[in-house]
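A.B. asks: Okay, handing you the structure first.
Just so it is clear, none of the values below were taken in a lab; they were calculated from the coordinates. Keep in mind that what you see is a predicted model, and the values were worked out from it rather than measured. Because the Cβ atoms are built from the backbone with ideal geometry, glycine has one as well, and the counts that use them run over all protein chains shown.
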Amino acid sequence: MAARVEIRRGRVVSLGDDGSVRLADGTVTRAEQVLVCVGAQTPELLGPVDVEFVPHTRFTYQGADATGAACLAAPEGYGLPLGSTGRWAFGQEIPDPAGVRALFPSLSPVGQVDCVSVHAPWLDAGGDGWMVWRRGRVVALVGNNLMKFGPLLGELLAQAALTEGLPDELTLGDARR
Ligand SMILES: Cc1cc2nc3c(=O)[nH]c(=O)nc-3n(C[C@H](O)[C@H](O)[C@H](O)COP(=O)(O)OP(=O)(O)OC[C@H]3O[C@@H](n4cnc5c(N)ncnc54)[C@H](O)[C@@H]3O)c2cc1C
């Protein structure tokens, strides 16, 4: 794709349904189709969306219990060894490592990544899902656990950008997702 299109990097500050895109440096460009994939920044560009962005923090630990540790899935979060680094990481909504340290006293937190996760009543139990909508020339996507769907979403969103509608597979018959 990079060989076939011109890539310009910039921060988008506003969008118009007519395909106009304003960048932070003041440049305004106009496109036949605009695809918005800005994650947690979606409400800033498009207004309120039917999802809630909640904090999600991943702590990285080292210590005796991190070596050879197993994957762990619990209501509080999920954890797994970081390859062969001898470290173990646990992602959770509460930005406090105390719970893990109480369970595994040998572990010490050595890193912290603060992210967001998406909550919505229409997300399935595992939290996998998305919502796609079109406003004029603009197609926008927001969802949770989208990484695994990357190739599929790429293809379906490309189809959306080539038409004036949205492919059925993208909306699953529901106007919102
Ligand atoms: C700790 C963690 C673990 C995860 N594990 C998994 C997993 O195992 N499997 C899975 O499927 N998913 C996983 N996910 C979820 C997955 O990473 C997200 O669902 C996915 O990254 C969302 O993609 P996105 O394109 O919507 O948003 P993002 O990945 O957030 O991308 C948005 C992009 O838009 C850019 N941007 C924002 N605002 C603007 C602007 N105004 N102008 C220009 N650019 C802008 C940002 O810089 C960013 O590059 C995990 C997420 C986290 C935080």
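A.B. asks: Lys/Arg Cβ at +1, Asp/Glu Cβ at -1, dipole of segment 52-177 taken about the Cα centre: which of PHE90, MET147, VAL113 is farthest positive-ward?
C.D. replies: Of the options given, the answer is VAL113.
A.B. asks: Set Lys and Arg Cβ to +1 and Asp and Glu Cβ to -1, take the dipole of the chain about its Cα centre, and tell me which of GLY129, VAL12, VAL38 lies farthest positive.
C.D. replies: VAL12
A.B. asks: Follow-up question, since we're still on this one. Quote the FRET efficiency, to the nearest 0.05, computed for ASP96 versus ALA40 with a Förster distance R0 of 25 Å and r equal to the Cβ-Cβ distance.
C.D. replies: 0.75
A.B. asks: Relative to the longest principal Cα axis of the chain, at what angle does helix 150-161 sit, 0 to 90 degrees, rounded to 10?
C.D. replies: Approximately 10 degrees, to the nearest ten.
A.B. asks: Using Cα pairs closer than 8 Å and at least 6 residues apart in sequence, work out the relative contact order for the chain, in percent.
C.D. replies: Relative CO of the chain lands at 22 percent.
A.B. asks: Which of ASP96, ASP25, ASP17 ends up with the largest GNM mean-square fluctuation for the chain, with Cα atoms connected below 10 Å?
C.D. replies: For the chain, modelled as a Gaussian network with Cα springs under 10 Å, the answer is ASP25.
A.B. asks: Kindly state, as a whole number, the per residue volume in cubic angstrom of the convex hull around the alpha carbon atoms of segment 18-177.
C.D. replies: Hull volume over Cα atoms, normalised by residue count, gives 146 Å³.
A.B. asks: Given contacts defined as C-alpha pairs under 8 Å and at least six residues apart, what's the relative contact order of segment 111-153, whole-number percent?
C.D. replies: 31 percent
A.B. asks: Mind giving me the FRET efficiency for ARG4 and ASP50? R0 is 35 Å, r the Cβ-Cβ distance, nearest 0.05 is fine.
C.D. replies: Efficiency, from the Cβ-Cβ distance: 0.50.
A.B. asks: Between VAL110 and LEU72, with labels modelled 7 Å along Cα→Cβ, what's the label distance in nm to one decimal, could you check?
C.D. replies: The two pseudo-label positions are separated by 1.7 nm.
A.B. asks: Hey, another quick one. Based on C-alpha coordinates, I'd like the Rg and Dmax of segment 122-171, in Å.
C.D. replies: Rg then Dmax for segment 122-171, in Å: 11.0, 33.
A.B. asks: With +1 assigned to the C-beta of every Lys and Arg and -1 to the C-beta of every Asp and Glu, and no other charges, what is the dipole magnitude of the chain about the Cα centre in debye, to the nearest 20?
C.D. replies: The calculation lands at about 520 debye.
A.B. asks: How many nm is it between the label spots at ASP65 and ARG11, if each spot is 7 Å from the Cα in line with the beta carbon?
C.D. replies: 4.0 nm
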